[in-house]
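The values are calculated or read from the model by the stated rules, or taken from the named source; none is laboratory data. These figures come from a predicted structure and were not determined experimentally. Ideal geometry is used to build each Cβ from the backbone, glycine not excepted, and the neighbour counts take in all protein chains shown. For accessibility, only protein heavy atoms count, side chains too; no ligands or nucleic acids. Shrake-Rupley method; radii C 1.70, N 1.55, O 1.52, S 1.80 Å.
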Amino acid sequence: MKRNIDTICVQGGWQPTKGEPRQLPIYQSTTFKYDTSEQMARLFDLEDDGYFYTRLSNPTNDAVAQKICEMEGGVGAVLTSSGQAANFFAVFNICEAGDHILASSTIYGGTFNLFGVTMKKMGIDCTFFDQEWDDSKIEACIRPNTKCVFGETVSNPGGNIFDIERFAKLAHRHGLPLIVDNTFATPVNCNPFRWGCDIVTHSTTKYMDGHSAQIGGAIVDSGNFDWEAYAAQFPGLTTPDESYHGLIYTKAFGRAAYINKIVSQLMRDLGSVPSPQNSYILNLGLESLHVRMQRHCQNALTIARWLEQNEKVAWVNYAGLESSKFHALAQKYMPNGICGVIAFGLKGTRDDAIRFMDNLNFVSIVTHVADARTCVLHPASHTHRQMTDEQLLEAGVRPDLIRLSVGIEDVNDIIADLEQAMSQM
Ligand SMILES: *Cc1c(COP(=O)(O)O)cnc(C)c1O
(Lines give C-alpha, C1' and ligand atoms only; values in the text may rest on other atoms or scores of the structure.)
Protein backbone atom coordinates (compact mmCIF):
# COMPACT_ATOMS: atom_id res chain seq x y z
CA MET A 1 0.00 0.00 0.00
CA LYS A 2 1.41 3.41 -0.94
CA ARG A 3 1.49 5.60 2.13
CA ASN A 4 1.91 9.32 2.65
CA ILE A 5 5.21 10.57 4.07
CA ASP A 6 3.58 11.51 7.42
CA THR A 7 2.46 7.90 7.89
CA ILE A 8 5.87 6.54 6.84
CA CYS A 9 7.60 8.74 9.46
CA VAL A 10 5.52 7.07 12.15
CA GLN A 11 4.89 3.58 10.78
CA GLY A 12 7.77 2.85 8.37
CA GLY A 13 10.63 0.47 9.03
CA TRP A 14 10.09 -1.95 11.91
CA GLN A 15 7.05 -4.17 11.31
CA PRO A 16 6.44 -6.36 14.36
CA THR A 17 4.51 -9.59 14.01
CA LYS A 18 2.67 -11.59 16.68
CA GLY A 19 4.09 -11.09 20.16
CA GLU A 20 7.02 -8.92 19.01
CA PRO A 21 7.79 -5.55 20.65
CA ARG A 22 5.74 -2.60 19.39
CA GLN A 23 8.78 -0.30 19.67
CA LEU A 24 11.88 -0.99 17.54
CA PRO A 25 14.17 -3.36 19.52
CA ILE A 26 17.84 -2.43 19.95
CA TYR A 27 19.84 -5.41 18.72
CA GLN A 28 22.94 -4.38 20.62
CA SER A 29 24.95 -7.35 19.39
CA THR A 30 28.04 -7.55 17.21
CA THR A 31 27.19 -10.99 15.93
CA PHE A 32 24.39 -13.50 15.23
CA LYS A 33 24.29 -17.23 15.87
CA TYR A 34 23.93 -20.11 13.35
CA ASP A 35 23.60 -23.83 13.87
CA THR A 36 25.82 -25.17 11.11
CA SER A 37 28.97 -24.11 9.36
CA GLU A 38 27.17 -24.58 6.04
CA GLN A 39 24.52 -21.98 6.97
CA MET A 40 27.23 -19.44 7.72
CA ALA A 41 29.17 -20.21 4.52
CA ARG A 42 26.09 -19.48 2.40
CA LEU A 43 25.83 -16.03 3.99
CA PHE A 44 29.42 -15.21 3.08
CA ASP A 45 28.79 -16.24 -0.51
CA LEU A 46 25.77 -13.92 -0.58
CA GLU A 47 23.63 -16.96 -1.41
CA ASP A 48 21.44 -16.52 1.62
CA ASP A 49 20.02 -13.55 3.52
CA GLY A 50 20.78 -13.25 7.17
CA TYR A 51 22.60 -11.30 9.82
CA PHE A 52 26.07 -12.32 10.88
CA TYR A 53 28.08 -9.26 11.83
CA THR A 54 26.84 -5.75 12.64
CA ARG A 55 29.49 -3.99 10.53
CA LEU A 56 27.65 -5.44 7.49
CA SER A 57 24.09 -5.39 8.75
CA ASN A 58 22.07 -5.26 11.92
CA PRO A 59 18.28 -5.56 12.34
CA THR A 60 17.91 -2.24 14.22
CA ASN A 61 20.02 -0.33 11.70
CA ASP A 62 18.25 -2.01 8.79
CA ALA A 63 14.77 -1.17 10.08
CA VAL A 64 15.69 2.52 10.28
CA ALA A 65 17.40 2.45 6.86
CA GLN A 66 14.24 0.86 5.49
CA LYS A 67 12.12 3.70 6.88
CA ILE A 68 14.38 6.36 5.33
CA CYS A 69 14.35 4.40 2.06
CA GLU A 70 10.57 4.44 1.98
CA MET A 71 10.50 8.15 2.88
CA GLU A 72 12.71 8.96 -0.13
CA GLY A 73 11.11 6.38 -2.41
CA GLY A 74 14.30 4.41 -3.17
CA VAL A 75 15.17 0.76 -3.84
CA GLY A 76 17.61 0.50 -0.95
CA ALA A 77 19.30 2.50 1.79
CA VAL A 78 22.14 2.19 4.25
CA LEU A 79 22.91 4.03 7.47
CA THR A 80 26.39 5.32 8.20
CA SER A 81 28.06 6.54 11.38
CA SER A 82 27.95 10.20 10.23
CA GLY A 83 26.84 12.44 7.42
CA GLN A 84 30.49 12.79 6.43
CA ALA A 85 30.76 9.00 6.01
CA ALA A 86 27.55 9.02 3.94
CA ASN A 87 28.89 11.59 1.48
CA PHE A 88 32.29 9.91 1.31
CA PHE A 89 30.78 6.47 0.60
CA ALA A 90 28.22 7.84 -1.85
CA VAL A 91 31.02 9.24 -4.03
CA PHE A 92 33.77 6.70 -3.36
CA ASN A 93 31.43 3.86 -4.34
CA ILE A 94 31.79 4.92 -7.99
CA CYS A 95 35.26 6.54 -7.97
CA GLU A 96 38.85 5.51 -7.60
CA ALA A 97 42.28 7.14 -7.84
CA GLY A 98 42.53 8.94 -11.18
CA ASP A 99 38.84 9.90 -11.28
CA HIS A 100 37.17 13.27 -10.99
CA ILE A 101 33.89 14.66 -9.63
CA LEU A 102 31.94 17.90 -9.94
CA ALA A 103 30.41 19.57 -6.88
CA SER A 104 28.57 22.79 -6.20
CA SER A 105 30.85 25.33 -4.51
CA THR A 106 28.28 26.25 -1.85
CA ILE A 107 28.08 22.83 -0.17
CA TYR A 108 28.61 22.29 3.56
CA GLY A 109 32.17 23.12 4.75
CA GLY A 110 32.80 19.56 5.91
CA THR A 111 31.94 18.13 2.50
CA PHE A 112 33.93 20.91 0.81
CA ASN A 113 37.04 19.81 2.74
CA LEU A 114 36.32 16.12 2.15
CA PHE A 115 36.12 16.61 -1.63
CA GLY A 116 38.63 19.43 -2.00
CA VAL A 117 41.37 18.21 0.34
CA THR A 118 41.07 14.67 1.70
CA MET A 119 39.75 12.87 -1.37
CA LYS A 120 42.26 14.77 -3.47
CA LYS A 121 44.96 13.01 -1.44
CA MET A 122 43.35 9.72 -2.48
CA GLY A 123 43.74 10.72 -6.12
CA ILE A 124 40.14 11.79 -6.70
CA ASP A 125 39.99 15.30 -8.07
CA CYS A 126 37.06 17.68 -7.57
CA THR A 127 36.02 20.75 -9.54
CA PHE A 128 33.68 23.10 -7.68
CA PHE A 129 31.17 24.94 -9.85
CA ASP A 130 29.01 27.97 -9.20
CA GLN A 131 25.32 27.04 -9.45
CA GLU A 132 24.72 30.33 -11.20
CA TRP A 133 27.00 29.54 -14.12
CA ASP A 134 25.17 28.60 -17.29
CA ASP A 135 25.10 24.96 -18.40
CA SER A 136 27.85 25.29 -21.00
CA LYS A 137 30.32 26.70 -18.45
CA ILE A 138 29.59 23.84 -16.04
CA GLU A 139 29.68 21.21 -18.79
CA ALA A 140 33.11 22.50 -19.80
CA CYS A 141 34.33 21.23 -16.38
CA ILE A 142 33.31 17.64 -17.21
CA ARG A 143 36.25 15.40 -18.15
CA PRO A 144 36.40 11.86 -19.56
CA ASN A 145 37.14 10.59 -16.01
CA THR A 146 34.29 12.51 -14.31
CA LYS A 147 32.04 10.16 -12.31
CA CYS A 148 29.24 12.22 -10.73
CA VAL A 149 27.71 15.61 -10.02
CA PHE A 150 27.05 16.58 -6.40
CA GLY A 151 24.93 19.31 -4.74
CA GLU A 152 22.81 20.14 -1.68
CA THR A 153 19.04 20.67 -1.92
CA VAL A 154 19.40 23.59 0.50
CA SER A 155 23.01 24.59 1.10
CA ASN A 156 24.47 24.77 4.59
CA PRO A 157 24.98 27.51 5.76
CA GLY A 158 24.05 29.87 2.88
CA GLY A 159 20.55 28.56 2.19
CA ASN A 160 20.99 28.46 -1.62
CA ILE A 161 18.54 26.20 -3.45
CA PHE A 162 19.90 23.59 -5.89
CA ASP A 163 17.98 23.33 -9.15
CA ILE A 164 17.72 19.52 -9.00
CA GLU A 165 15.91 18.99 -12.29
CA ARG A 166 18.35 21.18 -14.19
CA PHE A 167 21.42 19.45 -12.75
CA ALA A 168 19.92 15.97 -13.21
CA LYS A 169 19.43 16.72 -16.91
CA LEU A 170 22.91 18.17 -17.19
CA ALA A 171 24.50 15.13 -15.49
CA HIS A 172 22.45 12.62 -17.51
CA ARG A 173 23.42 14.26 -20.82
CA HIS A 174 26.96 13.14 -19.95
CA GLY A 175 26.09 9.69 -18.56
CA LEU A 176 26.69 10.80 -14.97
CA PRO A 177 24.57 10.21 -11.86
CA LEU A 178 23.41 13.15 -9.73
CA ILE A 179 23.99 12.85 -5.98
CA VAL A 180 22.04 15.24 -3.74
CA ASP A 181 22.56 15.86 -0.02
CA ASN A 182 18.97 16.33 1.18
CA THR A 183 19.81 17.00 4.84
CA PHE A 184 18.20 20.43 5.30
CA ALA A 185 15.01 19.85 3.31
CA THR A 186 14.45 16.26 4.55
CA PRO A 187 12.18 13.95 2.52
CA VAL A 188 9.24 15.61 4.27
CA ASN A 189 9.80 18.80 2.28
CA CYS A 190 11.62 17.62 -0.84
CA ASN A 191 11.80 14.42 -2.84
CA PRO A 192 14.91 14.72 -5.06
CA PHE A 193 14.20 11.41 -6.89
CA ARG A 194 11.02 12.91 -8.32
CA TRP A 195 13.21 15.46 -10.14
CA GLY A 196 15.73 13.04 -11.59
CA CYS A 197 18.31 12.81 -8.81
CA ASP A 198 19.87 9.31 -8.64
CA ILE A 199 21.35 9.08 -5.13
CA VAL A 200 20.33 10.93 -1.98
CA THR A 201 22.49 11.40 1.12
CA HIS A 202 21.69 12.68 4.60
CA SER A 203 23.32 13.81 7.76
CA THR A 204 20.70 12.24 10.04
CA THR A 205 22.37 14.21 12.83
CA LYS A 206 20.23 17.19 11.82
CA TYR A 207 16.43 17.39 11.49
CA MET A 208 15.94 13.63 11.21
CA ASP A 209 17.26 13.25 14.75
CA GLY A 210 16.26 16.76 15.77
CA HIS A 211 17.30 16.44 19.41
CA SER A 212 21.14 16.71 19.23
CA ALA A 213 21.33 13.14 20.46
CA GLN A 214 23.29 11.16 17.86
CA ILE A 215 25.61 11.59 14.85
CA GLY A 216 24.59 9.60 11.80
CA GLY A 217 24.16 9.50 8.06
CA ALA A 218 22.20 7.73 5.34
CA ILE A 219 22.53 6.96 1.64
CA VAL A 220 19.48 6.12 -0.49
CA ASP A 221 19.60 4.64 -4.00
CA SER A 222 16.77 5.54 -6.40
CA GLY A 223 17.59 2.49 -8.53
CA ASN A 224 17.08 4.68 -11.60
CA PHE A 225 20.61 5.14 -12.88
CA ASP A 226 21.48 2.66 -15.62
CA TRP A 227 25.06 1.67 -14.69
CA GLU A 228 25.24 -0.96 -17.41
CA ALA A 229 24.47 1.60 -20.09
CA TYR A 230 27.76 3.26 -19.09
CA ALA A 231 29.51 0.05 -18.07
CA ALA A 232 33.01 1.22 -19.00
CA GLN A 233 32.62 4.30 -16.79
CA PHE A 234 31.62 2.32 -13.70
CA PRO A 235 33.75 -0.85 -13.68
CA GLY A 236 33.31 -1.24 -9.90
CA LEU A 237 29.65 -2.04 -10.50
CA THR A 238 29.80 -3.80 -13.85
CA THR A 239 32.91 -6.00 -13.71
CA PRO A 240 33.75 -8.87 -11.29
CA ASP A 241 34.63 -7.92 -7.70
CA GLU A 242 37.56 -10.22 -6.92
CA SER A 243 37.10 -9.54 -3.21
CA TYR A 244 33.64 -11.10 -3.50
CA HIS A 245 34.29 -14.28 -5.50
CA GLY A 246 34.02 -12.42 -8.79
CA LEU A 247 30.51 -11.16 -8.15
CA ILE A 248 29.21 -8.50 -10.57
CA TYR A 249 26.95 -6.09 -8.66
CA THR A 250 24.71 -5.11 -11.57
CA LYS A 251 24.16 -8.79 -12.42
CA ALA A 252 23.57 -9.92 -8.84
CA PHE A 253 21.45 -7.02 -7.61
CA GLY A 254 19.93 -5.36 -10.69
CA ARG A 255 18.55 -1.93 -9.86
CA ALA A 256 19.92 -2.14 -6.32
CA ALA A 257 23.53 -2.71 -7.46
CA TYR A 258 24.89 0.61 -6.20
CA ILE A 259 23.53 0.35 -2.65
CA ASN A 260 24.46 -3.32 -2.32
CA LYS A 261 28.03 -2.55 -3.31
CA ILE A 262 28.23 0.02 -0.50
CA VAL A 263 27.10 -2.55 2.06
CA SER A 264 29.02 -5.57 0.76
CA GLN A 265 32.26 -3.80 -0.08
CA LEU A 266 32.68 -0.34 1.49
CA MET A 267 31.05 -1.15 4.84
CA ARG A 268 32.97 -4.40 4.98
CA ASP A 269 36.31 -2.72 4.27
CA LEU A 270 35.92 0.75 5.77
CA GLY A 271 33.43 0.31 8.60
CA SER A 272 31.59 3.52 9.60
CA VAL A 273 28.51 1.68 10.77
CA PRO A 274 26.22 3.36 13.33
CA SER A 275 25.64 1.91 16.78
CA PRO A 276 22.20 0.21 16.97
CA GLN A 277 21.56 2.40 20.02
CA ASN A 278 22.04 5.50 17.86
CA SER A 279 19.76 4.13 15.17
CA TYR A 280 17.08 3.60 17.79
CA ILE A 281 17.42 7.24 18.88
CA LEU A 282 17.32 8.36 15.25
CA ASN A 283 14.12 6.41 14.75
CA LEU A 284 12.46 8.21 17.67
CA GLY A 285 13.34 11.47 15.93
CA LEU A 286 11.92 10.26 12.62
CA GLU A 287 8.58 9.47 14.26
CA SER A 288 7.94 13.22 14.76
CA LEU A 289 9.93 14.62 11.80
CA HIS A 290 6.87 15.62 9.76
CA VAL A 291 5.33 17.51 12.70
CA ARG A 292 8.57 19.24 13.65
CA MET A 293 9.41 20.29 10.08
CA GLN A 294 6.09 22.05 9.76
CA ARG A 295 6.76 24.06 12.92
CA HIS A 296 10.41 24.79 11.96
CA CYS A 297 9.23 26.20 8.63
CA GLN A 298 6.38 28.20 10.12
CA ASN A 299 8.61 29.76 12.80
CA ALA A 300 11.44 30.42 10.33
CA LEU A 301 9.21 32.23 7.87
CA THR A 302 7.79 34.45 10.62
CA ILE A 303 11.28 35.25 11.89
CA ALA A 304 12.71 35.82 8.38
CA ARG A 305 9.94 38.34 7.74
CA TRP A 306 10.65 40.02 11.09
CA LEU A 307 14.37 40.22 10.31
CA GLU A 308 13.68 41.66 6.87
CA GLN A 309 11.72 44.54 8.45
CA ASN A 310 14.33 45.16 11.13
CA GLU A 311 16.46 48.29 10.63
CA LYS A 312 19.51 46.67 12.32
CA VAL A 313 19.55 43.87 9.75
CA ALA A 314 21.58 44.39 6.56
CA TRP A 315 20.31 41.39 4.59
CA VAL A 316 18.38 38.12 4.95
CA ASN A 317 18.62 34.96 2.84
CA TYR A 318 15.68 32.67 3.35
CA ALA A 319 14.18 31.15 0.23
CA GLY A 320 10.72 31.32 1.79
CA LEU A 321 10.80 35.12 1.43
CA GLU A 322 9.34 36.58 -1.76
CA SER A 323 12.40 38.85 -1.93
CA SER A 324 14.81 35.88 -2.12
CA LYS A 325 16.41 35.13 -5.47
CA PHE A 326 15.77 31.46 -4.68
CA HIS A 327 12.06 31.90 -3.99
CA ALA A 328 10.85 30.47 -7.32
CA LEU A 329 13.11 27.40 -7.02
CA ALA A 330 11.96 26.86 -3.44
CA GLN A 331 8.32 27.05 -4.55
CA LYS A 332 8.99 24.41 -7.19
CA TYR A 333 10.93 21.92 -5.06
CA MET A 334 9.61 22.66 -1.56
CA PRO A 335 6.10 24.08 -1.84
CA ASN A 336 5.22 23.06 1.74
CA GLY A 337 8.21 24.72 3.36
CA ILE A 338 12.01 24.66 3.15
CA CYS A 339 13.63 24.30 6.58
CA GLY A 340 14.30 26.31 9.73
CA VAL A 341 17.70 27.69 8.76
CA ILE A 342 18.03 31.39 7.96
CA ALA A 343 21.20 33.22 6.93
CA PHE A 344 21.38 36.93 7.69
CA GLY A 345 23.80 39.76 8.30
CA LEU A 346 23.65 42.68 10.72
CA LYS A 347 24.58 46.24 9.87
CA GLY A 348 27.96 46.93 11.43
CA THR A 349 31.19 45.01 11.81
CA ARG A 350 32.07 41.37 12.37
CA ASP A 351 32.44 42.22 16.06
CA ASP A 352 28.86 43.47 16.16
CA ALA A 353 27.72 40.06 14.94
CA ILE A 354 29.71 38.39 17.72
CA ARG A 355 28.34 40.82 20.34
CA PHE A 356 24.79 40.13 19.19
CA MET A 357 25.34 36.38 19.57
CA ASP A 358 26.93 36.76 22.99
CA ASN A 359 23.90 38.79 24.14
CA LEU A 360 21.43 36.04 23.33
CA ASN A 361 19.65 34.34 26.18
CA PHE A 362 18.10 30.92 25.43
CA VAL A 363 19.00 31.01 21.76
CA SER A 364 22.36 29.34 22.14
CA ILE A 365 25.69 29.35 20.31
CA VAL A 366 26.43 25.79 19.20
CA THR A 367 28.25 24.13 16.31
CA HIS A 368 25.02 22.48 15.41
CA VAL A 369 22.01 23.19 13.28
CA ALA A 370 18.55 21.79 12.54
CA ASP A 371 17.71 21.09 16.16
CA ALA A 372 14.46 21.46 18.13
CA ARG A 373 16.23 24.22 20.10
CA THR A 374 16.95 27.51 18.34
CA CYS A 375 20.67 28.07 17.87
CA VAL A 376 23.12 30.40 16.11
CA LEU A 377 26.56 30.21 14.62
CA HIS A 378 28.93 32.67 12.93
CA PRO A 379 30.62 30.47 10.29
CA ALA A 380 33.47 32.94 9.63
CA SER A 381 34.48 32.68 13.31
CA HIS A 382 33.54 29.05 13.86
CA THR A 383 33.00 26.29 11.27
CA HIS A 384 34.75 28.12 8.40
CA ARG A 385 37.45 29.80 10.53
CA GLN A 386 40.32 28.44 8.45
CA MET A 387 39.07 30.22 5.30
CA THR A 388 40.06 33.67 4.06
CA ASP A 389 37.31 36.20 3.30
CA GLU A 390 37.83 35.46 -0.39
CA GLN A 391 37.39 31.71 0.11
CA LEU A 392 34.33 32.38 2.25
CA LEU A 393 32.68 34.35 -0.54
CA GLU A 394 33.45 31.58 -3.03
CA ALA A 395 31.77 29.10 -0.70
CA GLY A 396 28.69 31.34 -0.56
CA VAL A 397 29.43 32.41 3.02
CA ARG A 398 29.58 36.15 3.56
CA PRO A 399 32.00 37.10 6.38
CA ASP A 400 29.14 38.75 8.29
CA LEU A 401 26.77 35.77 7.81
CA ILE A 402 24.96 34.59 10.94
CA ARG A 403 23.34 31.18 10.63
CA LEU A 404 20.15 31.12 12.67
CA SER A 405 18.64 27.67 13.06
CA VAL A 406 15.07 28.31 14.12
CA GLY A 407 13.71 25.73 16.55
CA ILE A 408 10.21 24.70 17.50
CA GLU A 409 9.79 26.91 20.59
CA ASP A 410 7.15 29.67 20.72
CA VAL A 411 8.04 32.03 17.88
CA ASN A 412 7.32 35.14 19.95
CA ASP A 413 9.82 34.03 22.60
CA ILE A 414 12.50 33.52 19.93
CA ILE A 415 11.83 36.97 18.47
CA ALA A 416 11.95 38.53 21.96
CA ASP A 417 15.38 36.98 22.54
CA LEU A 418 16.72 38.20 19.17
CA GLU A 419 15.28 41.65 19.83
CA GLN A 420 16.83 42.07 23.29
CA ALA A 421 20.22 40.89 21.96
CA MET A 422 20.07 43.45 19.12
CA SER A 423 18.97 46.25 21.40
CA GLN A 424 22.18 45.87 23.44
CA MET A 425 24.48 46.12 20.42
C1 LIG B 1 26.14 18.35 9.03
C2 LIG B 1 26.11 18.11 7.60
C3 LIG B 1 26.90 17.10 7.02
C4 LIG B 1 27.85 16.26 7.83
O5 LIG B 1 27.13 15.45 8.71
P6 LIG B 1 27.71 14.88 10.10
O7 LIG B 1 26.58 14.04 10.58
O8 LIG B 1 28.00 16.06 10.97
O9 LIG B 1 28.94 14.10 9.79
C10 LIG B 1 26.80 16.89 5.66
N11 LIG B 1 25.98 17.62 4.90
C12 LIG B 1 25.20 18.62 5.43
C13 LIG B 1 24.30 19.39 4.52
C14 LIG B 1 25.25 18.89 6.78
O15 LIG B 1 24.49 19.87 7.28
Roughly how tilted is helix 59-72, in degrees to the nearest 10 and between 0 and 90, from the longest Cα axis of the chain? 60
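Run the dipole for the range 291-422 about the Cα centre, Lys and Arg Cβ at +1, Asp and Glu Cβ at -1, nothing else charged, and hand back the magnitude in debye, nearest 20.
Working: 13 positive and 16 negative charges, 73 e Å.
Computed charge dipole of the range 291-422: roughly 360 debye.
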In whole angstrom, the spacing between the Cα centers of the range 72-134 and the range 8-52 equals 31
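So what's the projected area for the chain, the Cα convex hull averaged over all directions, in nm²? The partial results should precede the final answer.
Working: hull surface 84.5 nm².
If you wrap the Cα atoms of the chain in a convex hull and average its projections, you get 21.1 nm².
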Near Ser37, within a Cβ-to-Cβ distance under 15 Å, what is the net charge of the other residues, with Lys and Arg +1 and Asp and Glu -1? -3
Using only protein heavy atoms and a 1.4 Å probe, report how much of Glu322 is accessible, in Å² to the nearest 10. 120
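Which pairs in the list Lys67/Lys120; Lys120/Lys147; Lys2/Lys33; Lys120/Lys325; Lys251/Lys332; Lys18/Lys206 are over 26 Å apart, alpha-carbon to alpha-carbon?
Working: Lys67/Lys120 34 Å; Lys120/Lys147 14 Å; Lys2/Lys33 35 Å; Lys120/Lys325 33 Å; Lys251/Lys332 37 Å; Lys18/Lys206 34 Å.
Result: Lys67/Lys120; Lys2/Lys33; Lys120/Lys325; Lys251/Lys332; Lys18/Lys206 exceed 26 Å.
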Taking only protein heavy atoms into account and a 1.4 Å probe, give the accessible area per residue of the chain in Å². 42
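Considering only protein heavy atoms and a 1.4 Å probe, what is the carbon-and-sulfur percentage of the accessible area of the chain? Each step should come with its number before you reach the end.
Numbers: 8960 of 17750 Å².
That share works out to 50 percent.
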What ranking of Asp351, Asp6, Asp417 comes out by heavy-atom accessible area, probe 1.4 Å, highest first? Asp351, Asp6, Asp417
Top to bottom by accessible area (1.4 Å), largest first, where do Ser37, Ser81 land? Ser37, Ser81
Under-5 Å amide H pairs with Phe128, H placed in peptide plane, nonlocal only: Ala103
Apply the Karplus parameterisation 6.51 cos²θ - 1.76 cosθ + 1.60, with θ equal to phi minus 60°, to every residue of the range 282-297 and state each ³J(HN,Hα) to the nearest whole Hz, in sequence, with x for glycine and proline. 4, 5, 4, x, 4, 4, 10, 4, 5, 6, 5, 4, 4, 6, 4, 5
From the protein chains alone at 1.4 Å, what is the descending order of accessible area for Val313, Val273, largest first? Val273, Val313
Highest GNM mean-square fluctuation among Gln331, Gln11, Gln386, for the chain with Cα springs under 10 Å, belongs to Gln386
Can you give the accessible area of Lys261, probe radius 1.4 Å, in Å² rounded to 10? 10
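To the nearest 20 debye, what charge dipole does the chain have about its Cα centre, counting +1 at the Cβ of each Lys and Arg and -1 at the Cβ of each Asp and Glu?
Working: 35 positive and 48 negative charges, 53 e Å.
It comes to approximately 260 debye.
If a/c stays under 1.5 just call it rounded; otherwise compare a/b with b/c (prolate if a/b is bigger, oblate if not). Do that for the range 80-171, with a ≥ b ≥ c from the square roots of the Cα gyration tensor eigenvalues.
Working: a/c = 1.74, a/b = 1.13, b/c = 1.54.
It comes out oblate by the Cα gyration axes.
By the gyration tensor of its Cα atoms, with a ≥ b ≥ c the square roots of the eigenvalues, what is the shape of the range 155-300: rounded for a/c under 1.5, prolate for a/b over b/c, or oblate? Show your work: numbers first, answer last.
Values: a/c = 2.84, a/b = 1.42, b/c = 1.99.
Because a/c hits 1.5 or more and a/b fails to exceed b/c, the range 155-300 counts as oblate.
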